[in-house]
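Colleague: Pasting a structure below so you can have a look.
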Amino acid sequence: MACNLFTVAAVKGQKLNNLLDSMILAAIPNQQGPGAAFMVVRKGEVIYQKAFGKANIELGVNLTTESVFQLGSMTKQFTAVAILLLEQQGKLKVTDPISKYIPDYPGGDKITIHHLLTHTSGIKDFTKMKALADIAQKEMTPKMMVDFFKDEPVDFVPGERFEYNNSGYVLLGYLIELVSGETYADFIQQHIFDRLGMNHSYYASDRKVIANRAYGYQKKESGFVNKTAINFSVPFASGALMSTLGDLLKWQNALVNNKLLNTAETQQAFSRYKLNNGELFNYGYGWHIKEIGGITVSTHGGSIFGFKSMGVYVPGEDIYVVGLTNCDCNSPTVLTENIARLVINETLKSK
């Protein structure tokens, strides 16, 4: 009997494997170009993990499931959790106005840390400013980055609406430095990466030698080109981290098992919040809270020159799906959500 059950499970597993392979290959058919790495985890156990395409086209090196990718805005999860760690340590409150830490910030007495975390601050998003091209390749301190956008007219009154905003997360990175006395990179390294054994996660650098680095590409009419260079001090706490599938699993498991945050703080990260008019919006602290097939999920993607990323977590079924790509021509967003949808359906069917 046990043998039969094992065989049934193996056949089901192989069927799912084949389905996922064909879904991914349909989206990323060119195995000679840049590609992607995907992972599906159920109840903490990896049930699918594969890489497709090249980590480096020039050298003909394949991507592997250990390849290190830039995360882009998935960085925001780490920034939000760093803020909650500081709250847990009694060093700040998310209800604090930012003027408490940056006294000269325009209108800073009306903008709270909560507004920054939830993209409801109304601050101008620096990625939409024409002058961005002037600083994109300069080494910027966090204060220089804040000074770059702080005097721009605001888009709306704090709390009036949700509008995705990178400036808010740059400000959060600066606050982490002011409150902790550590650089953002050191804080993330010591309080998150080191604590969780995330040994292949980094504050991004194009100069540092990083084992298993996936090189980033962009697609032009003439074909693939190496990504546009950017100084990582510009995206900073809104988009400058790198990681691997395996390390992101350690991260997700730590969140589920309260290894970093206690239950109350974890709940803050994954709650939906209200605008000033009482309307709920679908974002917590560093995660979108949405539904796939009527089931609540927390998701976040990222995009930075040469890379795109997407993570979906299904708390009710303890399913985690991640897609990381090394060409910003290959967005894993829809694919990762479709994989999550398929795995949810397969899981519910087998109950």
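The values are calculated or read from the model by the stated rules, or taken from the named source; none is laboratory data. Since this is a predicted model, take the numbers as computed values, not measurements. For neighbour counting, all protein chains shown are included, and Cβ atoms are generated from backbone atoms with ideal geometry for every residue, glycine included. Ligands, DNA and RNA are excluded from the accessible area calculation, which covers all protein heavy atoms including side chains. Shrake-Rupley method; radii C 1.70, N 1.55, O 1.52, S 1.80 Å.
Colleague: State whether the residues of the stretch 169-178 include one that is open to solvent by less than 70 Å² (accessible area, probe 1.4 Å), without any contact (Cβ under 8 Å) to a residue 40 or more places away in the chain, out of contact with any Leu (no Cβ under 9 Å at 6 or more places or on another chain) and assigned to a helix (DSSP H, G or I). Steps first, please.
Modeller: Pass one, the stretch 169-178, residues open to solvent by less than 70 Å² (accessible area, probe 1.4 Å): 169-177.
If we keep only those that are without any contact (Cβ under 8 Å) to a residue 40 or more places away in the chain too, we end up with 177.
Going one step further and asking which of them are out of contact with any Leu (no Cβ under 9 Å at 6 or more places or on another chain), we end up with 177.
So of that shortlist, the ones also assigned to a helix (DSSP H, G or I) come out as 177.
Yes, the stretch 169-178 contains at least one residue that is open to solvent by less than 70 Å² (accessible area, probe 1.4 Å), without any contact (Cβ under 8 Å) to a residue 40 or more places away in the chain, out of contact with any Leu (no Cβ under 9 Å at 6 or more places or on another chain) and assigned to a helix (DSSP H, G or I).
Colleague: Of the residues LYS15, LYS76, only one is basic (Lys, Arg) and open to solvent by 40 Å² or more (accessible area, probe 1.4 Å); which? Explain how you work it out, then say what you get.
Modeller: On the way: LYS76 fails: open to solvent by 40 Å² or more (accessible area, probe 1.4 Å).
Of the residues listed, the single one that is basic (Lys, Arg) and open to solvent by 40 Å² or more (accessible area, probe 1.4 Å) is LYS15.
Colleague: Something else about it: Just one of the numbered conditions (1) open to solvent by less than 60 Å² (accessible area, probe 1.4 Å); (2) not in a helix (DSSP H, G or I) is not true of GLN268; which one?
Modeller: Going through (1) open to solvent by less than 60 Å² (accessible area, probe 1.4 Å); (2) not in a helix (DSSP H, G or I) one by one, GLN268 breaks only (2).
Colleague: Further, regarding this structure: Determine the pairs where a residue that is more than 29 Å from MET242 (Cβ to Cβ), located within the stretch 291-303, has a partner that is crowded, with 21+ Cβ neighbours inside 10 Å with Cβ atoms under 7 Å apart, the partner being 6 or more residues away or on another chain.
Modeller: GLU291/VAL297; GLY293/ILE344; ILE295/VAL314; ILE295/ILE344
Colleague: Also, quick follow-up: Being part of a helix (DSSP H, G or I) and not hydroxyl-bearing (Ser, Thr, Tyr) narrows it down to one of ALA229, ALA254, ALA211, so name that one. Don't jump to the end; show me each part of the working.
Modeller: Working: ALA229 fails: part of a helix (DSSP H, G or I); ALA211 fails: part of a helix (DSSP H, G or I).
After ruling out the rest, the residue left standing is ALA254.
Colleague: Mind checking which pairs have a first residue in the stretch 179-197 that is over 12 Å from ALA254 (Cα atoms) and a second that is assigned to a loop (DSSP other than H, G, I, E, B), Cβ under 6 Å, 6 or more apart or different chains?
Modeller: Matching pairs, first to second residue: VAL179/LYS91; VAL179/LEU92.
Colleague: Let me ask something else about it. Residues in the stretch 314-341 that are within 12 Å of the chain's Cα centre (by Cα) and buried (at least 20 other Cβ atoms within 10 Å of the Cβ): how many?
Modeller: First, pick out the residues of the stretch 314-341 that are within 12 Å of the chain's Cα centre (by Cα): 322-324, 333.
Filter again for buried (at least 20 other Cβ atoms within 10 Å of the Cβ), leaving 322-324.
Residues flagged as within 12 Å of the chain's Cα centre (by Cα) and buried (at least 20 other Cβ atoms within 10 Å of the Cβ) within the stretch 314-341 amount to 3.
Colleague: Continuing with the same structure: Take the stretch 181-226 and flag every residue that is within 16 Å of GLY306 (Cβ to Cβ) and touching a helix residue (DSSP H, G or I) at 6+ places or on another chain (Cβ under 7 Å).
Modeller: Once the filter is applied, which keeps residues that are within 16 Å of GLY306 (Cβ to Cβ) and touching a helix residue (DSSP H, G or I) at 6+ places or on another chain (Cβ under 7 Å), the stretch 181-226 yields nothing.
Colleague: Please work out if ASP186 is part of a helix (DSSP H, G or I), out of contact with any His (no Cβ under 8 Å at 6 or more places or on another chain), on the phi < 0 side of the Ramachandran plot and open to solvent by 40 Å² or more (accessible area, probe 1.4 Å). Step through it out loud before you land on a result.
Modeller: Working: part of a helix (DSSP H, G or I): yes; out of contact with any His (no Cβ under 8 Å at 6 or more places or on another chain): yes; on the phi < 0 side of the Ramachandran plot: yes; open to solvent by 40 Å² or more (accessible area, probe 1.4 Å): yes.
For ASP186, the condition - part of a helix (DSSP H, G or I), out of contact with any His (no Cβ under 8 Å at 6 or more places or on another chain), on the phi < 0 side of the Ramachandran plot and open to solvent by 40 Å² or more (accessible area, probe 1.4 Å) - is met.
Colleague: Being open to solvent by less than 70 Å² (accessible area, probe 1.4 Å), over 29 Å from GLY108 (Cα atoms) and of a type in the set (A, V, I, L, M, F, W, C) narrows it down to one residue among PHE232, PHE193; which is it? Before you say what the answer is, go through the steps one by one.
Modeller: On the way: PHE232 fails: over 29 Å from GLY108 (Cα atoms).
Just one listed residue meets the conditions, PHE193.
Colleague: Would you be able to say whether some residue in the stretch 24-44 is in contact with a Leu (Cβ under 6 Å, 6 or more places away or on another chain) and at pLDDT below 95?
Modeller: yes
Colleague: Return the residue satisfying two criteria in turn: it lies in the stretch 275-290 and is in contact (Cβ under 8 Å) with a residue 60 or more places away in the chain and not polar (S, T, N, Q), and of such residues it is nearest to PHE236 (Cα to Cα).
Modeller: Across the stretch 275-290, the extreme among qualifying residues is GLY286.
Colleague: Now for a separate question. Mind checking which residues of the stretch 293-322 are within 16 Å of ALA55 (Cβ to Cβ) and in contact with a Lys or Arg (Cβ under 8 Å, 6 or more places away or on another chain)?
Modeller: Going through the stretch 293-322, the residues within 16 Å of ALA55 (Cβ to Cβ) turn out to be 306-309.
If the condition is that a residue be within 16 Å of ALA55 (Cβ to Cβ) and in contact with a Lys or Arg (Cβ under 8 Å, 6 or more places away or on another chain), then GLY306, PHE307 are the ones that fit.
Colleague: Could you tell me how many of the residues in the stretch 140-160 are part of a loop (DSSP other than H, G, I, E, B) and under 14 Å from THR183 (Cβ atoms)?
Modeller: Our first condition is that a residue be part of a loop (DSSP other than H, G, I, E, B); within the stretch 140-160, this holds for 140-141, 150-160.
Right, trim to under 14 Å from THR183 (Cβ atoms) and you get 140-141.
Number of matching residues: 2.
Colleague: Going through the stretch 29-66 one residue at a time, which ones are farther than 13 Å from ALA214 by Cβ, more than 21 Å from the chain's Cα centre (by Cα) and open to solvent by less than 10 Å² (accessible area, probe 1.4 Å)?
Modeller: none
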